[in-house]
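Q: To start, I am sharing the structure in question, which I have written as structure tokens.
The values are calculated or read from the model by the stated rules, or taken from the named source; none is laboratory data. These figures come from a predicted structure and were not determined experimentally. Glycine also receives a Cβ, built like all others from the backbone with ideal geometry; neighbour counts cover every protein chain displayed.
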Amino acid sequence: MNTEPVRTDLPESTPWTTADAKKLYLINRWGSGYFDVDEQGRITVAPLQTRGGKFALTDVVDAALREEGLKMPLVIRLQDMLHHRVRVLNEAFNRAISENKFRGNYRGVFPIKVNQLREVVEEILEAGRPFHYGLEVGSKPEMYAALAMHNDPESLIVCNGYKDDGFIRTALLGRKLGKRVILIAEKLSEVRAICRISRELNVEPELGMRVRLVTRGAGKWAESGGENAKFGLSTSEILEAAEILKEHNLSNAFKLIHFHIGSQVPDILIMKRAVREAARYYAKLRRRGHPIEFLDVGGGLAIDYDGSRSTFHASMNYTVEEYARDVVWNVADVCDEERVPHPHLISESGRAIVAHHAVLVVEAIGAIEKTPAMENRRSPNAEHKLIRALDDVEEALARGELAEVTEPWHDLQQVKEESEKLFEVGLLDLDVKAAVEIRYWKLAERISGLAHRQNSDHIPDFLRELDHQLTDQYICNFSVFQSLLDHWALGALFPIVPIHRLSERPTLQSTLVDITCDSDGKVSKFIDDKNDVRETIPLHVIDDGKPYYLGIFLTGAYQDIMGDLHNLFGRVNEVHVFLDEDEECGYYLEETIEGNTIRDVLRMTQYDARELAIKLKSQVDAAIKQDRLKPTEGIRLLNEYERGLKDQTYLHFPEQR
């Protein structure tokens with residue numbers, strides 16, 4: 001195991017404190033006042049920041065496992081935090097409107113594509129009721145869900161995405177129910193379809209148009225905007241759409257101008273340019289006599305995943321308050337210049353609402369080490385030339401007379417290459433090969449440590465690659481593809497921190513691997529304090545028989561919905577937490593939701609559990625008839641098989657607890 005000291009700003013002789021842990025893992029920066037570390041070295045969470053209580057995540061984990069009978073991995077949903085995030089956004093816009101004497105209202109909508117889970121949408125709507133906070137949908141299933149969940153006639157349902165007749169009819173049903181459902185036209189054919197179907201249903205639609213701006217976003221979702229964007233109408237198409245509405249006597253239905261330049265926009269200057277460009281469209285169309293009421297600035301409000309407060313793709317160089325002020329001021333400035341009424345403002349901020357509220361807790365169940373302890377292995381022939389060559393390297397390192405470590409490193413590399421060649425041609429025994437491998441990595445560790453001590457200001461090129469090779473891999477009981485898909489697919493970064501033992505100095509660098517059989521099932525990119533990405537994370541040595549829990553934070557946006565069933569690993573267990581000052585611990589577990597069972601995921605792939613059991617029973621019966629199984633063994637095998645179908649898809653090691 002590579003236990004070379006984790007390099008921090010502190011010398012090894014300096015006592016380690018929880019303040020050092022917060023600095024190392026950047027908790028005070030990405031934590032946004034929600035997450036902290038207590039004196040016992042545990043991650044704590046304050047879902048309402050300074051407005052409410054806080055508790056340790058390990059206490060929630062213990063309660064979920066021991067009292068509720070759940071198993072790892074576990075999603076902890078902090079429902080109070082959803083309420084807080086909704087209030088933060090709405091209050092920021094309302095303050096900006098008041099300060100700038102803006103003559104329109106803010107009517108935000110939550111885009112449920114970011115997290116369609118019923119319990120999440122319910123909490124957001126409840127929190128947003130005082131602000132008339134609505135919903136945005138982008139598909140027929142989302143439309144059906146929103147229509148039933150929405151119950152505030154003053155809030156909006158904004159319908160984006162491509163639409164067929166069924167989508168439009170369902171939206172217009174909402175209009176008949178008295179809801180403010182606004183259909184955003186993405187194509188001219190949709191405008192014609194809305195006109196036709198609204199006449200058939202005898203209902204006046206409310207219609208918006210998405211404008212394809214020149215301004216583009218930045219970061220990993222930059223291609224969502226700009227002139228080559230997937231959605232939206234050009235200037236000429238918007239004018240033609242207005243003519244189509246006029247032909248059908250529906251000019252008054254034109255209620256909204258919309259744009260979207262992409263998710264997670266890290267630079268506020270891009271947002272300012274986009275808002276001004278869209279506001280100019282609104283103003284010019286109002287001057288032409290179109291009765292537009294709303295300007296929808298879309299999504300893009302970012303999350304500071306790495307805490308760097310920069311234009312790095314995993315960060316943002318602005319706050320929610322600055323974002324709201326800039327939207328309000330720039331829209332007002334353009335409208336005043338054009339002498340048109342101020343519109344009501346809509347934003348579709350999803351990531352900023354839900355990202356913080358979910359923490360994925362995974363257990364590290366073992367390590368893949370480059371230098372495992374192998375004391376019991378029989379020593380090979382000490383006279384073998386490769387063993388003698390390794391002795392020479394070790395003696396050179398022991399003498400400590402080396403001004404440079406490159407020479408023993410080169411010698412060590414030569415031994416390794418020669419051992420590989422000899423093995424290929426059949427001239428090297430397995431015992432010698434095993435001994436060379438073990439001693440190679442142990443000597444590499446010593447060279448790495450010596451090099452870092454000798455070259456604190458200059459790191460040799462070979463050492464960078466060696467440090468990466470020496471890192472252990474912690475095996476974690478989860479699936480990247482199910483629970484952290486954006487990391488695998490897009491290289492998105494999430495804060496990852498042990499949720500306990502932070503009063504102890506971490507002693508090794510590691511990467512994380514999941515339990516899928518895919519080599520891409522790993523996390524090897526981590527947040528860094530230099531607007532960059534680091535390839536390892538500092539961790540503690542796993543104590544035998546004691547759980548080691550890692551928290552993956554800010555996972556509430558997209559990860560719940562976009563995960564796939566690679567290797568048939570299903571959704572994980574969930575526990576929903578609410579603050580309650582009347583409870584001794586300061587909170588209560590409002591709901592637990594068990595993850596998918598093996599039977600569940602098999603059903604999703606067209607396997608029927610009953611049919612599978614019948615097929616296996618016929619094979620067991622045949623084996624009994626052929627005297628390959630005793631009847632009692634066959635019955636026990638079938639019982640275990642059927643019982644196993646009810647188990648969850650992840651690994652479970654009760655004997656380790």
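Q: Would you mind stating whether Ile168 is buried (at least 20 other Cβ atoms within 10 Å of the Cβ), within 19 Å of Arg107 (Cα to Cα) and in contact (Cβ under 8 Å) with a residue 24 or more places away in the chain?
A: So Ile168 fails the test.
Q: In region 300-346, how many residues are at pLDDT 95 or above, under 26 Å from the mean Cα position of the chain (by Cα) and closer than 30 Å to Asn252 by Cα?
A: Residues that pass the stated criteria total 2.
Q: I'd like the residue in region 126-150 that is of a type in the set (A, V, I, L, M) and touching a residue at least 24 places away in the same chain (Cβ under 8 Å) and, out of all such residues, is surrounded by the fewest Cβ atoms within 10 Å (Cβ to Cβ).
A: Ranking the qualifying residues of region 126-150, first place goes to Met149.
Q: Can you confirm whether Tyr282 is out of contact with any Pro (no Cβ under 7 Å at 6 or more places or on another chain) and of a type in the set (Ser, Thr, Tyr)?
A: no
Q: Go through region 306-340 residue by residue and tally those that are of a type outside the set (Val, Ile, Thr), more than 16 Å from Asn90 (Cα to Cα) and crowded, with 24+ Cβ neighbours inside 10 Å.
A: 4
Q: When you scan region 33-70, how many residues do you find that are in contact (Cβ under 8 Å) with a residue 40 or more places away in the chain, farther than 16 Å from Leu579 by Cα and surrounded by 16 or more Cβ atoms within 10 Å (Cβ to Cβ)?
A: Residues flagged as in contact (Cβ under 8 Å) with a residue 40 or more places away in the chain, farther than 16 Å from Leu579 by Cα and surrounded by 16 or more Cβ atoms within 10 Å (Cβ to Cβ) within region 33-70 amount to 5.
Q: I'd like to verify a number: residues in region 50-75 that are basic (Lys, Arg) and touching a strand residue (DSSP E or B) at 6+ places or on another chain (Cβ under 8 Å), how many?
A: Result for region 50-75: 2.
Q: Give, as residue ranges, the helices (runs of 4 or more DSSP H) completely inside region 249-354 that count at least 1 residues that are in the same structural domain as Gly134 (by TED's automatic domain parsing) and more than 27 Å from Ile157 (Cβ to Cβ).
A: By residue number, 268-287, 320-338.
Q: Of everything in region 540-591, what is touching a strand residue (DSSP E or B) at 6+ places or on another chain (Cβ under 6 Å), charged (D, E, K, R) and either assigned to a loop (DSSP other than H, G, I, E, B) or farther than 27 Å from Thr605 by Cβ (or both)? Give them in sequence order.
A: Asp580, Glu590, Glu591
Q: Still on this model: Which numbered condition trips up Arg103, out of (1) farther than 30 Å from His344 by Cα; (2) not in a helix (DSSP H, G or I)?
A: Looking at each condition in turn, Arg103 falls short on (1).
Q: Could you list, in sequence order, all residues of region 124-147 that are closer than 27 Å to Val328 by Cα and either acidic (Asp, Glu) or in contact with a strand residue (DSSP E or B) (Cβ under 6 Å, 6 or more places away or on another chain) (or both)?
A: Within region 124-147, Ile124, Glu126, Gly134, Leu135, Glu136, Val137 meet the criteria.
Q: Right, here's the next one. Can you tell me which residue within region 40-53, out of those that are part of a loop (DSSP other than H, G, I, E, B) and at pLDDT below 95, is farthest from Pro498 (Cα to Cα)?
A: Applying the filter and picking the extreme gives Gly52.
Q: Right, here's the next one. For region 94-132, how many residues are of a type outside the set (Phe, Trp, Tyr) and either outside the structural domain of Leu301 (by TED's automatic domain parsing) or closer than 28 Å to Val340 by Cβ (or both)?
A: 16
Q: Just to be sure I understand the filter: pairs with C-beta atoms under 9 Å, separated by 6 or more residues or on different chains, first member in region 187-206 and in contact (Cβ under 8 Å) with a residue 24 or more places away in the chain, second member of a type in the set (Ser, Thr, Tyr) and not in a helix (DSSP H, G or I). Which pairs pass?
A: Going by the 9 Å Cβ cut-off, the qualifying pairs are Lys187/Tyr162; Glu190/Tyr162.
Q: Select, from Tyr641, Tyr588, the only residue that is surrounded by 11 or more Cβ atoms within 10 Å (Cβ to Cβ), of a type in the set (Phe, Trp, Tyr) and outside the structural domain of Ser483 (by TED's automatic domain parsing).
A: Sole residue among the options that is surrounded by 11 or more Cβ atoms within 10 Å (Cβ to Cβ), of a type in the set (Phe, Trp, Tyr) and outside the structural domain of Ser483 (by TED's automatic domain parsing): Tyr641.
Q: While we're on this one: Could you list all residues from region 529-568 that are buried (at least 18 other Cβ atoms within 10 Å of the Cβ) and among the acidic types (Asp, Glu)?
A: Once the filter is applied, which keeps residues that are buried (at least 18 other Cβ atoms within 10 Å of the Cβ) and among the acidic types (Asp, Glu), region 529-568 yields only Asp560.
Q: Only residues that are under 44 Å from the mean Cα position of the chain (by Cα), among the charged types (D, E, K, R) and surrounded by 13 or more Cβ atoms within 10 Å (Cβ to Cβ): list them for region 592-635, please.
A: Glu594, Arg599, Asp600, Arg603, Lys617
Q: Something else about it: So which residues in region 31-89 are more than 19 Å from the chain's Cα centre (by Cα), closer than 26 Å to Phe481 by Cα and among the polar types (S, T, N, Q)?
A: Thr58
Q: Condition (residue is touching a strand residue (DSSP E or B) at 6+ places or on another chain (Cβ under 7 Å) and at pLDDT below 95) applied to region 83-96: is it met by at least one residue?
A: No, because not a single residue in region 83-96 is touching a strand residue (DSSP E or B) at 6+ places or on another chain (Cβ under 7 Å) and at pLDDT below 95.
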